[in-house]
Amino acid sequence: MSEPYIERRSEMFPALNPAQLDRLARFGHRRSVPAGEIVFDQGDARGCFYVVLSGALQVVHPADGREDPIALLSAGEFTGEINLLSGRRTLVRTRMHMSGELLELPLEGLRKVVQGDADLSEIFLRAFVLRRLALIGKTAGDAVVIGSSHSAGTLRIREFLTRNGHPHAYLDVERDSTVQALLDRFALRVEDVPVVICAYTKVLKNPTNEELADCLGLNASVDLSDVRDLLVVGAGPAGLAAAVYGASEGLKVLVVETSAPGGQAGSSSRIENYLGFPTGIAGAQLAGRAFTQAEKFGAEVAIARSAVRLRCARRPFVVELAGEREVKARAVVIATGAQYRKLPLEGLSRLEGSGIYYGATPMEAKLCEGQEVIVVGGGNSAGQAAVFLAGKGCRVHVLVRGPGLADSMSRYLIQRIEESPAVTVHPRTVVKEIAGQDALEKVRVEGPDKSQWMPVRHLFLMTGAEPHTAWLRDCGVALDDKGFVKTGQDLRPEDLPRWPLQRSPWLLETSVPGVFAVGDVRSGSIKRVASAVGEGSTSVHLVHRFLAE
Ligand SMILES: Cc1cc2nc3c(=O)[nH]c(=O)nc-3n(C[C@H](O)[C@H](O)[C@H](O)COP(=O)(O)OP(=O)(O)OC[C@H]3O[C@@H](n4cnc5c(N)ncnc54)[C@H](O)[C@@H]3O)c2cc1C
């Protein structure tokens, strides 16, 4: 059988030595398997982990009636990729190729090993991550998206899958000649796009993120009925940090996330000022690593689950989720962050995703390669977007309401903008109108001495943030005048009419004891990845104190 991953085979499919096998053996049992037996199949959830002791195990990716080979594992080599740790459905099929013996570990056994054995943990995590990246690279998942680059729904779905690291194939109705045959096969019309063919069988027309997550089994192993020690709402850097520290310190932690792990940071093309990454790190990469780290320590992350209400009249706290679900916890960390402000422009929501964007990632850069783009805003994220897009071959106009960038942007970004011939800064200039039928076609901008229509098809809005705090309204969590959550010493006596304790609220604690707020959602927070991570990890110390109170 040929193997497609020859170049990185030794890192992706390392063989364990006898001492490592001995350490693993006490977490599982040996099993004789005849040739031809399917050990686990695509779609199985909460699968076991297998090490080949003798014989050979074939790994294939079943797609559309055929089997694409992935690897042939021999003695010492093992199964698994990222999905295994979270108990999600497997994307591949394994079949015993040559009869022999396997060491079988249940998921709990594998989790104990990755938490307690640093040597094996490193080998498994590296192999699992590389295997996932290879599956993404080959789009060897279980989902096919049929869409159009002019449709906001398509962009949302692709962003959701990409940001969740879920491999998928994409077919564009305008560009791909095979699409019509596929649509006919599923009795679909071009007007039905975006369409997702989930697990190669189920057809979803313009599904919500929640429907998609359910269909793909992204939350298959999360049981919402368990009462958790700590519920973290939001899986941006702050929430993931709370999850990593909470779970690693023995708390039962559940994170609920509306969209995908990483939050705003996940949409950043490159974060250059986060400690320990001198050459920068892509936001998606940082998010992926943090997510894996949280799961490694046993935190559970429920994807496409939005908190819609916090009920705090009784203990444990109850957080209601969209879709009439709820979850209970003894302590809550609010880490719901903030979202970029929208401009009051007619037609804005219609053109979102079709020329209007709130983040500049490689996906958007690909859409506007070689073209003129406008970036609105004078803060660091506008600066990063401008530098990134210029580096991808775009001609970038940065529109700033004020007289220049100096007040609002880091010096290193201003310098790069000044040095880039592809970026032009337009001070005291604003967007007045946008136009376009199915996609953005032109933008009217007004500067100090003229107003003009620019034939620009890509507009990046980076104009400040609004907090995600509407879901807190019933619980009496005190907010500041912009809607950010007040904590610690910022809480005035009038914010605490129902504070029941002798002590004052701790640092990061809200006006409700046991409910903490971290990261961008917190009033007065510094809007940076490092501060969000710092606050998320600090909050866990306070959660321990609260639970012991
Ligand atoms: C494009 C861009 C570039 C940036 N670059 C940098 C940089 O280079 N350096 C730097 O230090 N900072 C940078 N930042 C800022 C940094 O990303 C943020 O400060 C940081 O992400 C804040 O983290 P957070 O976890 O507090 O919130 P967020 O990142 O906003 O995450 C909040 C999460 O909560 C989820 N959520 C919201 N409401 C709900 C709900 N009701 N239920 C469940 N989940 C919910 C959201 O989907 C989101 O995933 C950048 C921001 C952007 C947008």
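Taken about its Cα centre, the chain carries a charge dipole of roughly 740 debye when the Cβ of each Lys and Arg holds +1 and the Cβ of each Asp and Glu holds -1.
Could you tell me which of rounded, prolate or oblate describes the stretch 3-135, using a ≥ b ≥ c as the square roots of the eigenvalues of the alpha-carbon gyration tensor, with rounded for a/c under 1.5 and, failing that, prolate when a/b is larger than b/c and oblate otherwise? Rounded is the answer for the stretch 3-135, as its axis ratio a/c remains below 1.5. Taking all protein chains into account, the per residue accessible area for the stretch 252-389 stands at 40 Å² (1.4 Å probe).
C48 sits with roughly 40 Å² accessible to a 1.4 Å probe, with DNA, RNA and ligands left out of the calculation. Accessible area of S504 (1.4 Å probe, protein heavy atoms only, ligands and nucleic acids ignored): about 80 Å².
Using the C-alpha gyration tensor of the stretch 143-216, what are the square roots of 5 times its eigenvalues, in whole angstrom, with the largest one first? Let's see the in-between values first.
Working: eigenvalues 64, 36, 23 Å².
Rounded to whole Å, the semi-axes are 18, 13, 11.
Using helices alone, what [θ] at 222 nm do you get for the chain, with -39,500 (n - 2.57) per DSSP H run of 4 or more residues, divided over all residues and rounded to the nearest 500? Mean residue ellipticity at 222 nm (helix-derived): -8000 deg cm²/dmol. No disulfide-compatible partner, judged by a Cβ distance under 4.7 Å, exists for the following cysteines of the chain: C48, C368, C394. Projecting the Cα positions of G246, L321, S523 onto the charge dipole of the chain (unit charges on Cβ atoms of Lys, Arg, Asp and Glu, taken about the Cα centre) puts S523 furthest along the positive direction.
Phi angles of the stretch 452-467 translate, via the Karplus equation with coefficients 6.51, -1.76, 1.60 and θ = phi - 60°, into HN-Hα couplings of 8, 8, 9, x, 10, 9, 9, 10, 9, 9, 10, 10, x, 10, 10, x Hz per residue; Gly and Pro are given as x. Does the stretch 307-385 classify as rounded, prolate or oblate by the C-alpha gyration tensor (a ≥ b ≥ c root eigenvalues; a/c under 1.5 gives rounded; else a/b over b/c gives prolate, otherwise oblate)? Taking the square roots of the gyration eigenvalues as a ≥ b ≥ c, the stretch 307-385 is prolate. As a ratio to 2.2 N^0.38 Å, the alpha-carbon radius of gyration for the chain is 1.03. Relative contact order of the chain: 11 percent, from C-alpha pairs under 8 Å at least 6 residues apart in sequence. Take the Cα of D22, step 7 Å toward its Cβ, do the same at E249, and the gap between the two points is 3.7 nm. Among P467, G488, V445, whose Cα projects farthest towards the positive end of the dipole of the stretch 346-499, with charges put on the beta-carbon of Lys, Arg (+1) and Asp, Glu (-1)? So the residue we want is V445. For the chain, hydrophobic long helices are taken as DSSP H runs at least 20 Å long by C-alpha position along their axis with mean Kyte-Doolittle hydropathy of -1.0 or more; these are 118-137, 529-548.
Just check the stretch 206-347 against the gyration tensor rule for me: Cα atoms, a ≥ b ≥ c as the square roots of the eigenvalues, rounded for a/c under 1.5, and otherwise prolate or oblate depending on whether a/b exceeds b/c.
Details: a/c = 1.64, a/b = 1.20, b/c = 1.37.
The shape class here is oblate.
Label reach from S349 (point 7 Å along Cα→C-beta): in the stretch 135-151, amide nitrogens under 18 Å belong to 151. The loop-placed trypsin sites (Lys or Arg not before Pro) in the stretch 287-316, going by DSSP, that have at most 11 neighbouring Cβ atoms within 10 Å of their Cβ come out as R314. So what's the gap between the Cα centers of the stretch 426-485 and the stretch 196-248, to the nearest angstrom? Cα centroid of the stretch 426-485 versus Cα centroid of the stretch 196-248: 29 Å apart. Of E300, E67, E77, the residue with the largest accessible area leads and the full order is E67, E300, E77 (1.4 Å probe).
Where both residues lie in the stretch 78-198, what percent of DSSP beta bridges are antiparallel, nearest 5?
Working: 4 of 8 bridges.
The answer is about 50 percent antiparallel.
Please give the charge dipole size of the stretch 3-135, origin at the Cα centre, charges +1 on K and R Cβ atoms and -1 on D and E Cβ atoms. Round to the nearest 20 debye.
Working: 17 positive and 18 negative charges, 61 e Å.
Approximately 300 debye in magnitude.
Simple point charges give the picture: +1 on the Cβ of Lys and Arg, -1 on the Cβ of Asp and Glu, and for the stretch 348-461 a dipole about the Cα centre of about 60 debye. Computed on the stretch 355-501, with alpha-carbon pairs under 8 angstrom and 6+ residues apart, the relative contact order is 24 percent.
The values are calculated or read from the model by the stated rules, or taken from the named source; none is laboratory data. These numbers come from a predicted model, not from an experiment. For neighbour counting, all protein chains shown are included, and Cβ atoms are generated from backbone atoms with ideal geometry for every residue, glycine included. SASA here: full protein model, heavy atoms, side chains in, ligands and nucleic acids out. Shrake-Rupley method; radii C 1.70, N 1.55, O 1.52, S 1.80 Å.
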